[in-house]
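Each reported figure results from applying straightforward, stated rules to the coordinates on display, with no laboratory input. What you see is a predicted model, and the numbers here were worked out from it, not measured in a lab. Every residue, glycine among them, receives a Cβ derived from its backbone with ideal geometry; neighbour counts consider all protein chains shown.
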Ligand code: ZN
């Protein structure tokens with residue numbers, strides 16, 4: 001079955017910074033999307049912040065099975081209404097992959113319910129991303145239990161997130177810090193995968209294993225066919241399925257919202 005993917009990107013750094021533009025001449029979103037397009041079962045589109053409605057119209061949202069999200073300098077420019085809509089689509093079953101500095105994206109904070117703070121340092125240090133969950137589908141195709149990135153920005157604990165439902169990767173950095181760099185949560189009927197690498201001044205989205213993990217993540221958080229769907233709202237179910245013996249008078253006035 002095919003998976004409809006929307007690669008969402010802030011797409012500001014490439015327009016302002018020469019180093020970023022040289023690493024990603026067509027934007028980070030195209031580096032990710034062009035890898036994904038090699039798989040015939042992935043139907044890949046891109047959307048960026050400066051498009052009308054950030055490229056995320058209701059039609060796009062309804063026709064997306066999995067969205068990837070990269071943002072950094074302009075989280076505040078994402079309209080609250082759009083962030084709410086994306087979060088709601090996740091609850092309804094859409095998969096979401098939040099990358100790197102997307103830890104501060106409105107949609108991620110909405111779904112986590114925490115501040116998502118972390119420590120950071122840009123010093124081009126080595127990162128080792130350790131698999132701490134062998135057998136997890138997100139690790140499929142990796143040649144070893146450690147992805148090595150020669151130069152990355154450091155993210156360190158404490159990362160202020162809710163306890164992940166599944167912890168897949170933990171990063172070690174040359175400077176000494178560690179970080180929970182691959183985490184999965186279920187929210188409503190959908191799943192969220194946070195994956196850490198991807199600072200804009202390093203070519204991490206050209207790294208074969210990083211791209212492989214993003215692709216595996218897409219397949220993992222994609223909606224499952226034939227499952228019970230998420231119901232929105234809290235209906236009052238007056239008629240019962242079985243007879244209820246108790247005689248009880250309800251004061252309707254205290255149930256009004
Ligand atoms: Zn960064």
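Going out from 0 in 10 Å bins, what whole percent of all Cα-Cα distances in the stretch 1-151 drops into each bin?
P(r) over the stretch 1-151, rounded to whole percents: 10, 34, 39, 16, 0.
Project the alpha carbons of the stretch 179-257 onto their principal axes and report the range along each, largest first, in whole Å.
Reported extents, whole Å, longest axis first: 68, 29, 19.
Kindly provide log₁₀ I(q)/I(0) values, in the same order as q = 0.18, 0.19, 0.21 Å⁻¹, from the Debye equation applied to equal alpha-carbon scatterers of the stretch 117-247.
Calculated log10 I(q)/I(0) at the listed q: -1.00, -1.09, -1.27.
In the calculated pair distance distribution of the stretch 43-116, what percentage of Cα-Cα distances lie above 19 Å?
Result: 25 percent of Cα pairs exceed 19 Å.
Nearest-5 percent of antiparallel DSSP beta bridges in the chain?
The antiparallel proportion sits near 55 percent.
Can you tell me the Rg and the Dmax, both Å, for the Cα atoms in the chain?
Values for the chain (Cα only, Rg and Dmax): 20.4, 74 Å.
What ranking do 156-165, 88-97 get when scored by the average of other Cβ atoms within 10 Å per residue, highest first?
Descending packing order for the listed peptides: 88-97, 156-165.
Sticking with the crude label model, points 7 Å out along Cα→Cβ, report the distance from residue 237 to residue 34 in nm, one decimal please.
Here the answer is 5.3 nm between the modelled labels.
From the helices alone, meaning DSSP H stretches of at least four residues, give me the mean residue ellipticity at 222 nm for the chain, per-run term -39500 (n - 2.57), in deg cm²/dmol to the nearest 500.
After summing the helix terms and dividing by residue count, I get -6000 deg cm²/dmol.
Name the most mobile residue of 231, 187, 196, meaning the one with the largest mean-square fluctuation, in a Gaussian network model of the chain with Cα contacts below 10 Å.
Sorting by GNM fluctuation, first place goes to 231.
Under a GNM of the chain (C-alpha, springs under 10 Å), which listed residue has the highest mean-square fluctuation: 42, 241, 99?
241
How far is helix 80-91 tilted, in degrees, relative to the longest principal axis of the Cα atoms in the chain, given as a value from 0 to 90 rounded to the nearest 10?
Helix 80-91 sits roughly 80 degrees off the main axis of the chain.
What FRET efficiency would be calculated for the residue pair residue 104, residue 246, taking the C-beta separation as r and a Förster radius of 45 Å, to the nearest 0.05?
0.35
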